[in-house]
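Below is one structure, written out as structure tokens; comments come after it.
The values are calculated or read from the model by the stated rules, or taken from the named source; none is laboratory data. Model, not experiment: these values are computed from the prediction. Note that we place each Cβ from the backbone using ideal geometry, even for glycine, and neighbour counts take in every protein chain shown.
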């Protein structure tokens, strides 16, 4: 059975199991104590190999280019396409929310109930505090944060942009020294890359059971179906926008790479399903790289650069969500702020915020606060605004992470095609060398 079908079965069984445990006394505690840890272990294993994979694949990829000018060409194309797709995502989101107007007509009783339940919740307060810390940083702090003072600390803290900068720096320096002297280090990182990719194959054997645990844990977190139903139209707007964005990617792939959209989806689906289950494009990165390189045929030098950068700065799903969420909140509690000028500001701010948005669960809500403050949203209404969407944020976060990962894979294929680095896929299995060593 193909891996993506195993993962889908695990997801469906996890959802069913979560609903059953929700209706049994002590069921939630059982899931939290005995099921959730297996999902946590799986995510930890993916995070464990993410940093060494970025380091090894990017250094090896850059050193294989043999021409520094190719780095500039690849970098510019990657960033231009990422900015372009993010703008498309924001425009799709704003178009849908302005046409459907999901925030109009919400009753005062519903608003009051949501406010009472979530306004002072730890989750909302935590997002506001993180947004304030982000806002208090200087205008060039994001640039400063790219350059590490201690690479070992950056590796330990998984500071992705700092690791990417260091890997690029090392890769460029390997090009600038004689090939004979660079060869031992290049071979080391090439070998490290192969080892980490084999780790991905082994970890993915556990994926169906892990997504069962992750989805069961997500389901037991929902304890107020009435509020979820009240926010259904808002959720439908977000999901519809995300589906349209995936449709845009598939058209892009068909027109530029001449590959079948169904072929692309079948190859990348395990990464998409893991993105949905983990809500983290950073945790999914090792799997995304394995699928893109081995199953889509993108050369290592392209995937090693495009995908780590994308997992950090390309947040199309998050940007689309921020546009819809910001306008929805204004429709409900601040309709006077719904001006054309403010919506243009949302486009620009959401674009910039997506670049700084961390590739971790619910980071989009933190950046949403910054987007709202950029248009003069009353600060006293911010807790109410976040409370309005907090109940459905996790499932929508899962959906938008799928779009983030799909966007990264799409751009890697497009950039590879433009550089002549898209070849026939060469899938590997965990047991390819098993017979020789058993």
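Report, ordered by the first and then the second residue, all pairs with beta carbons closer than 6 Å, sequence separation of six or more or different chains, a first member in segment 23-35 that is farther than 14 Å from residue 215 by Cα, and a second member that is assigned to a helix (DSSP H, G or I).
Short answer, once both residue conditions are applied: 27/21.
Is it the case that residue 306 is part of a helix (DSSP H, G or I), touching a strand residue (DSSP E or B) at 6+ places or on another chain (Cβ under 6 Å), under 27 Å from residue 70 (Cβ atoms) and in contact (Cβ under 8 Å) with a residue 60 or more places away in the chain?
no
Just need a number here: residues in segment 196-223 that are in a helix (DSSP H, G or I) and over 19 Å from residue 18 (Cβ atoms).
Summing the residues that are in a helix (DSSP H, G or I) and over 19 Å from residue 18 (Cβ atoms) in segment 196-223 gives 9.
Against the condition at pLDDT 95 or above, over 30 Å from residue 194 (Cα atoms) and buried (at least 17 other Cβ atoms within 10 Å of the Cβ), how does residue 93 come out, does it pass?
In short, yes.
Conditions (1) surrounded by fewer than 12 Cβ atoms within 10 Å (Cβ to Cβ); (2) without any contact (Cβ under 8 Å) to a residue 12 or more places away in the chain, marked per residue:
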site	(1), (2)
141	yes, yes
144	yes, yes
148	no, no
151	no, no
161	no, no
169	no, yes
178	yes, yes
189	no, no
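From the list 6, 66, exactly one residue is farther than 30 Å from residue 319 by Cβ, at pLDDT 95 or above and surrounded by fewer than 19 Cβ atoms within 10 Å (Cβ to Cβ). Which is it?
The match here is 6.
Answer yes or no: is there a residue in segment 66-79 that is within 19 Å of the chain's Cα centre (by Cα) and closer than 30 Å to residue 277 by Cβ.
Yes.
Which members of segment 294-303 meet the condition of being closer than 18 Å to residue 2 by Cβ and either modelled with pLDDT under 95 or in a helix (DSSP H, G or I) (or both)?
294, 295
Could you please let me know if residue 254 is surrounded by fewer than 20 Cβ atoms within 10 Å (Cβ to Cβ) and either modelled with pLDDT under 95 or in a loop (DSSP other than H, G, I, E, B) (or both)?
no
Modelled with pLDDT of 95 or more and either surrounded by 18 or more Cβ atoms within 10 Å (Cβ to Cβ) or assigned to a helix (DSSP H, G or I) (or both): which single residue out of 282, 275 fits that description?
Answer to the selection: 275.
For residues in segment 360-413 being more than 29 Å from residue 298 (Cβ to Cβ) and not in a helix (DSSP H, G or I), which is modelled with the lowest pLDDT?
Within segment 360-413, the match that is modelled with the lowest pLDDT is 362.
Being surrounded by fewer than 14 Cβ atoms within 10 Å (Cβ to Cβ) and in a helix (DSSP H, G or I) is true for just one of 226, 290. Which residue is that?
226
I'd like the full set of residues that are in contact with a helix residue (DSSP H, G or I) (Cβ under 7 Å, 6 or more places away or on another chain), assigned to a helix (DSSP H, G or I) and in contact (Cβ under 8 Å) with a residue 12 or more places away in the chain, limited to segment 257-272.
Matches in segment 257-272: 257, 264, 267, 268, 269, 270, 271, 272.
Condition check: touching a helix residue (DSSP H, G or I) at 6+ places or on another chain (Cβ under 7 Å) and surrounded by fewer than 17 Cβ atoms within 10 Å (Cβ to Cβ). Does residue 234 satisfy that?
So residue 234 does not fit the description; no.
From the list 115, 60, pick out the single residue that is assigned to a helix (DSSP H, G or I), more than 25 Å from the chain's Cα centre (by Cα), on the phi < 0 side of the Ramachandran plot and surrounded by 14 or more Cβ atoms within 10 Å (Cβ to Cβ).
Residue meeting the stated conditions: 115.
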